[in-house]
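Everything below concerns the one structure shown next.
Read the figures in this text as sums done on the coordinates, not as results from a lab. Note that the structure is a prediction, hence the values are computed from the model and not measured. Methodologically, a virtual Cβ is constructed for each residue, glycine included, from the backbone with ideal geometry; neighbour enumeration extends over all protein chains shown.
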Amino acid sequence: MSTPELVRTRAIESTLATNKLIRNTYTLLSMTLLFSALTAGVSVWLRMPPMTYLLGLGGAFLLIWLVLPRTANSASGLGVVFAITGLLGFSLGPLLSVYLSLANGPQIVGMAFAGTGVIFLGLSGYALTTRKDFSFMGGFLITGFLVVLMAALANIFLQIPALALAISAAVIFIMSGFILYDTSRMVHDRGETNYLLATISIYLSIFNIFVHLLHILGVMGGDD
Amino acid sequence: MELWMKIGSAILLVIMLIVIFPRARQMIAESPKGSAKEWLSALIPLALVAAFVVLLVMMV
């Protein structure tokens, strides 16, 4: 095979691999989102106590940090991904119960759900169709995320409502940026070749956007 | 928020900061610099997201 043919063959193989990664990621993402919604519904139905949110988040992050890296390249990784998303969905139960108890609660939850979907589909579609490289955003986004985490830590004790709203707005902005960043990494083959890890990255962005959009809509539109 | 929830949340956030910080340093060091045009192409959709959230708030 001559050099131009070899280059062309490798380019085709790379494109096929990228398309397969994108297809597998979005297929798994849709399944995990459905599973997460199911576990959230179960949690609401069981009327789980507020502690569930903290324990669910803690458990999910333990799985993400300690278990998933070790299993991402094996069949058990799929089970771990569903365990993570199931736990995170289950942890939403107490939160959803609080918002659903508001006078316009179902409307708020529905709008947060639909709004999250529109944001994700819009940003993903933009990144996939324009094929722009958003890898330059990585440093900015992670720095912003660290600042938000520190602000959230401070606000646990300061309990300033305006700061809580600002944190939620910042999280939505940063997570939207991460959707562009993660999608771009898949498209441009920038180090993300594992669809399990790619799925979890995008899932966490969607999860955070939903939770914080729910908070903003609940505060601004709730019956106080 | 009850005290134990505050303490638990604070512990979780501190652990997250500790775990994420080394990865963040690596990402900051490895991130390529974006041109003004590239930043604009990223900030426009994010500005649209912000406008969309404002629209949702007005609709509730």
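Some observations on this one:
- Filtered residues of region B:22-45 (kept if at the interface with chain A (Cβ under 7 Å from one of its Cβ atoms) and either out of contact with any Gly (no Cβ under 6 Å at 6 or more places or on another chain) or more than 25 Å from A:F120 (Cβ to Cβ) (or both)): B:A24, B:I28, B:P32, B:K33, B:G34, B:E38, B:S41, B:A42, B:P45
- Counting only residues that are within 13 Å of A:S36 (Cα to Cα), surrounded by fewer than 19 Cβ atoms within 10 Å (Cβ to Cβ) and among the small types (G, A, S), region A:78-115 holds 1 of them.
- Any hit, region A:30-53, residues being surrounded by fewer than 17 Cβ atoms within 10 Å (Cβ to Cβ), part of a helix (DSSP H, G or I) and within 14 Å of chain B (Cβ to nearest Cβ): yes
- Residue match in region A:197-210 (condition: in a helix (DSSP H, G or I) and within 11 Å of chain B (Cβ to nearest Cβ)): yes
- Among the residues listed as A:G115, A:G105, the single one being more than 10 Å from every other protein chain (Cβ to nearest Cβ) and small (G, A, S): A:G105
- The set of residues from region A:121-143 being touching a residue at least 24 places away in the same chain (Cβ under 8 Å) and within 10 Å of another protein chain (Cβ to nearest Cβ) comprises A:L123, A:Y126, A:A127, A:K132, A:D133, A:F134, A:S135, A:M137, A:G138, A:F140, A:L141.
- Enumeration of residues in region A:92-144 that are of a type in the set (F, W, Y) and touching a Ser or Thr at 6+ places or on another chain (Cβ under 9 Å): A:F120, A:Y126, A:F134, A:F136, A:F140
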